[in-house]
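The values are calculated or read from the model by the stated rules, or taken from the named source; none is laboratory data. In this text the structure is predicted, and so the values were computed from the model without any measurement. Heads up, the Cβs are rebuilt from the backbone with ideal geometry, glycines too, and the neighbour counts pull from every protein chain shown.
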Amino acid sequence: MLAFMKVLQPKTVEEAYELATKNKTAPMLAGGCWLRLGRRTWPAVIDMASLDLRYVREADNEFAIGAMATQGDVERFEPLQQFCGGAVVKGVKEILGIQFRNTATMGGSVASKFGFSDIIPALLAVHADIVTFKGGRMSIQDYMKYRERDILVEIRIPKVEVPVAVEALRISRGDFPVLTGAIRRDDKGVELYIGTRPGVPQLAEKASALLSEKGLAAAKEAGQLASEELVYQSNSHASKEYRMEMVKAMVQRLAKEVAQ
């Protein structure tokens, strides 16, 4: 249950940043889906609803997704349904249920940097950028290491059509994923990202280099490398050993899909 003593309601992004700076323990309240799962009573929360950041737009060279756009907004945005094989839409459409996706925001989902995120691997594979109020525009890879208290304003996706495949392994539909992955192939080579280890999505550098050098036919060998080079752990959803075995098969499926 989400419980708090005071709601701060900024009208501009600048005001939201000032409040976040002064109230360092106050969480940003976007969709609030994950905050509702906690039992903590917050002294204050910063309500982002009035910042006019709910939009999904297409420009000549990129897509722009406002931080308050919901997962459902992205799922229904037709240009993204075709872009890079629908990778970004595939990254959201299996998350829990429709009601959840119509509430959970893209900004909240990315800013939380959850290891179990379905969305982040897809955004990594399409080379998305993140725009924050203080830090400006940066790659999502840099954002995953960004530790400043800041306001995520927008997600921007360059309109570069390349083969991309994404996957989230679940025990049953509606569960949290126990392993996530995404693969990208372009003229520079292949990039393979694995998440829910249960750590945050990470580039499997050795496996990516192997696929870039030998081609997607080396997927079985790359899967073995991916199981060895990244750190896997056990939690309540899956064991370390299970994840290490499943990533081998996942890499082969991703390589097969992106080859098609």
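Observations on the model:
- Only residues that are within 25 Å of the chain's Cα centre (by Cα) and either hydroxyl-bearing (Ser, Thr, Tyr) or at pLDDT 85 or above (or both) were counted in segment 22-45, giving 1.
- In the condition set (1) closer than 22 Å to Lys90 by Cα; (2) in contact with a strand residue (DSSP E or B) (Cβ under 8 Å, 6 or more places away or on another chain), Ala249 is compliant with all but (2).
- The residue that is surrounded by the fewest Cβ atoms within 10 Å (Cβ to Cβ), counting only those in segment 126-156 that are in contact (Cβ under 8 Å) with a residue 60 or more places away in the chain and in contact with an Asp or Glu (Cβ under 7 Å, 6 or more places away or on another chain), is Lys134.
- When we screen Ala122, Ala104 for residues that are surrounded by fewer than 24 Cβ atoms within 10 Å (Cβ to Cβ), within 30 Å of Thr12 (Cα to Cα) and not assigned by TED's automatic domain parsing to the domain that holds Ala222, the only hit is Ala104.
- Subset of segment 197-208 that is out of contact with any Lys or Arg (no Cβ under 9 Å at 6 or more places or on another chain) and either more than 20 Å from Asp142 (Cα to Cα) or not polar (S, T, N, Q) (or both) - its residue that is modelled with the lowest pLDDT: Gly199
- Residue check, Asp187 surrounded by fewer than 20 Cβ atoms within 10 Å (Cβ to Cβ) and either touching a residue at least 60 places away in the same chain (Cβ under 8 Å) or hydrophobic (A, V, I, L, M, F, W, C) (or both): no
- The residues on offer are Leu254, Leu225, Leu211, and the sole one that is closer than 18 Å to Leu123 by Cβ, in a helix (DSSP H, G or I) and modelled with pLDDT of 95 or more is Leu254.
- Taken over segment 44-75, the residue count meeting the criterion of being charged (D, E, K, R) and closer than 16 Å to Ile157 by Cβ is 6.
- Unique residue being at pLDDT below 95 and either under 30 Å from Glu18 (Cβ atoms) or assigned to a strand (DSSP E or B) (or both) when the list is Glu154, Glu148: Glu148
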